[in-house]
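Beneath this line is the structure, given in structure tokens, with notes to follow.
The values are calculated or read from the model by the stated rules, or taken from the named source; none is laboratory data. All figures in this text were calculated on a predicted structure; none of them were measured in a lab. In this analysis, Cβ positions are derived from the backbone assuming ideal geometry, glycine residues included, and neighbour counts consider all displayed protein chains.
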């Protein structure tokens, strides 16, 4: 498969129970649409078995490991300890998804910050990229400000990754781009009327861009309201390419090259 025809979904929860009835068919549709690889970020200890089963069964599914901020509890240290043990027993392509979520509950904010720092240090030690989740309440930048402050403090040349489902401002984007080792992941929200990507697009350099679905969530128009799946990434990519005034095949080539470099991936035709 030529690189400019390879599409990489850099954030897929294809191991989610939403796909239990028809996971193989969903993956076949993805492959038919050109989605040759999927990066699978973990959620918490409970999702690890399904994550690993899916990665073992489907060569196109590449697992990551981490503790999602909404799964951070009072005794999160024991969860991190167990995840670190699991990390030593399997190959993972990144640390994620990790970060700060202040949308649902702010009571665990301090614990989320501690868990985030801890996992960033894993990433530096293991030389793995991170997938960062940032979610705020409406009209708030508290989560973004917190995440950027922590990354500023932890950043070295060994720390790289992606700000998943990027929803920040052009100033946030420039801050991320200035790290030199981070990218932004854009998914179905970019196709929404009030998604904000149309305002961000003039500031975006495709060299910092990754494509993602976050399936089964956030399906793009014209699939909005339905279960999202990796094949739907083509709708997002078409919309992004139009806003960036470029050919969608060129967008696939650039974003795939970005993903391959960031996650140290092997192309499908090179796999055993």
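Being surrounded by fewer than 22 Cβ atoms within 10 Å (Cβ to Cβ), within 15 Å of the chain's Cα centre (by Cα) and under 17 Å from residue 38 (Cβ atoms) is not true of residue 233. Annotation: residue 210 fulfils all but one of (1) closer than 22 Å to residue 262 by Cβ; (2) touching a helix residue (DSSP H, G or I) at 6+ places or on another chain (Cβ under 6 Å); (3) part of a helix (DSSP H, G or I); the unmet one is (3). Here's a check for you: in region 85-102, which residue that is in a loop (DSSP other than H, G, I, E, B) and in contact (Cβ under 8 Å) with a residue 40 or more places away in the chain is farthest from the chain's Cα centre (by Cα)? Filtering first and then ranking leaves 102. For region 48-69, what are the residues that are buried (at least 19 other Cβ atoms within 10 Å of the Cβ), over 15 Å from residue 11 (Cα atoms) and out of contact with any helix residue (DSSP H, G or I) (no Cβ under 7 Å at 6 or more places or on another chain)? Correct list: 50, 52. Checking 168, 161, 94, 99 one by one, the residue that is modelled with pLDDT under 95, crowded, with 21+ Cβ neighbours inside 10 Å and within 19 Å of residue 210 (Cβ to Cβ) is 168 and no other.
Among the candidates 56, 79, 105, the residue that is in contact (Cβ under 8 Å) with a residue 24 or more places away in the chain, in a helix (DSSP H, G or I) and at negative phi is uniquely 79. Does residue 212 meet the test of being surrounded by 15 or more Cβ atoms within 10 Å (Cβ to Cβ), farther than 24 Å from residue 138 by Cβ and within 18 Å of the chain's Cα centre (by Cα)? So residue 212 does not fit the description; no.
Only residues that are exposed (fewer than 14 other Cβ atoms within 10 Å of the Cβ) and part of a loop (DSSP other than H, G, I, E, B): list them for region 125-145, please. Within region 125-145, 127, 137, 138, 139, 140 qualify. Applying the set (1) without any contact (Cβ under 8 Å) to a residue 12 or more places away in the chain; (2) within 25 Å of residue 217 (Cα to Cα); (3) assigned to a helix (DSSP H, G or I) to residue 115 leaves exactly one unmet item: (1).
Give region 215-245 a look and list any residue that's in a loop (DSSP other than H, G, I, E, B), under 27 Å from residue 205 (Cβ atoms) and free of Cβ contacts under 8 Å to residues at least 60 places away in the same chain, or say none.
218, 219, 220, 221, 228, 245
Residue count for region 4-45, restricted to those that are touching a residue at least 12 places away in the same chain (Cβ under 8 Å) and either closer than 30 Å to residue 115 by Cβ or in a loop (DSSP other than H, G, I, E, B) (or both): 25.
Within the set 189, 184, the sole residue that is assigned to a helix (DSSP H, G or I), crowded, with 16+ Cβ neighbours inside 10 Å and at pLDDT 95 or above turns out to be 189. Taken over region 230-247, the criterion of being within 27 Å of residue 23 (Cα to Cα) and out of contact with any strand residue (DSSP E or B) (no Cβ under 7 Å at 6 or more places or on another chain) is satisfied by 232, 234, 235, 238, 239.
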